[in-house]
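Here the structure is laid out as structure tokens; the discussion comes afterwards.
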Amino acid sequence: MFCVSIGLKYKNEIIAGVIYAPVMKEIFVAEKNKGAWLNGKKIEVSKVKDTIRSLAVTGFPYSIKKGNTKLMKNFKNIIFETQGIRRLGSAALDMSYVACGRFEFFWEEGLKPWDIAAGIIIVKEAGGEVSDYRGSKDSAFQDTMLVSNSIAMHKKILGIINGKK
């Protein structure tokens, strides 16, 4: 899976984003306070509330090492709390798919701003939640990212990631 992902940041805030997946012929677009769109149709996040009914998507950093026990612990803990986990290979598409309701949440570490800038605004405008692993919504360009379909789902997944579940 691959895409072109462009986010526009103005005065420390992401205000627009476009993600184009040419193979699927899908274009996700969002502008601050104007909603999120897929191929010209308004999108919104899934309404699934229970983690056990949720479908998650994730990725792994390029620098994964055998000793990265936290990464594997999170994967193991989340797989037991969900319907399943997918790995597509593109953080931008993963986030877009949360925005249009194909997945309930996405988490990953080792990310860069160019991986997630457009996805952040698309998820937010579709009604989703975005934060780093500490729950901070102000540090969108940290190397950890969690996006989800609701505040309740976000809190549950943060609890799993941070060992509080």
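Multiplying the sequence separation of Met1 and Arg53 by 0.36 nm and subtracting their Cα-Cα distance, what value in nm do you get?
Value of the extension gain: 16.2 nm.
Which one of Gly110, Gly59, Gly101 has the biggest mean-square fluctuation once the chain is modelled by GNM with Cα springs under 10 Å?
Largest GNM mean-square fluctuation: Gly110.
Where is the GNM fluctuation largest for the chain (alpha-carbon springs, 10 angstrom cutoff): Phe60, Phe106, Phe28?
Phe60
If each residue's Cβ is checked for other Cβ atoms within 10 Å, how do Leu71, Leu146, Leu93 rank with the fewest at the top?
Leu71, Leu146, Leu93
Arrange Tyr62, Tyr20, Tyr133 by Cβ neighbour counts within 10 Å, fewest through most, would you?
Tyr62, Tyr20, Tyr133
For the stretch 4-161, what is one quarter of the convex hull surface built on the Cα atoms, given in nm²?
Spelled out: convex hull of the Cα atoms, projected over all directions, averaged, 8.6 nm².
Which of Ile116, Ile19, Ile151 moves most in a GNM of the chain, Cα contacts under 10 Å?
Ile151
Which distance in nm do the two modelled labels at Gln83 and Glu13 give, with both placed 7 Å along the Cα-to-Cβ direction?
Each label point lies 7 Å from its Cα, and together they span 3.5 nm.
Any idea what the relative contact order of the stretch 1-158 is, in percent, if you count C-alpha pairs under 8 Å spaced at least 6 apart?
Computed over the stretch 1-158, the figure is 27 percent.
How do Val29, Val57, Val48, Val123 rank when sorted from fewest to most other Cβ atoms within 10 Å of their own Cβ?
Ordered from fewest to most neighbouring Cβ atoms within 10 Å, Val29, Val57, Val48, Val123 come out as Val48, Val29, Val57, Val123.
Since every read-out is calculated from the coordinates, none of them should be taken as a lab result. If you're wondering where the values come from, they're calculated on a predicted model, not measured in any experiment. Note: ideal-geometry Cβ built from the backbone for every residue, glycine included; neighbour counts use all protein chains shown.
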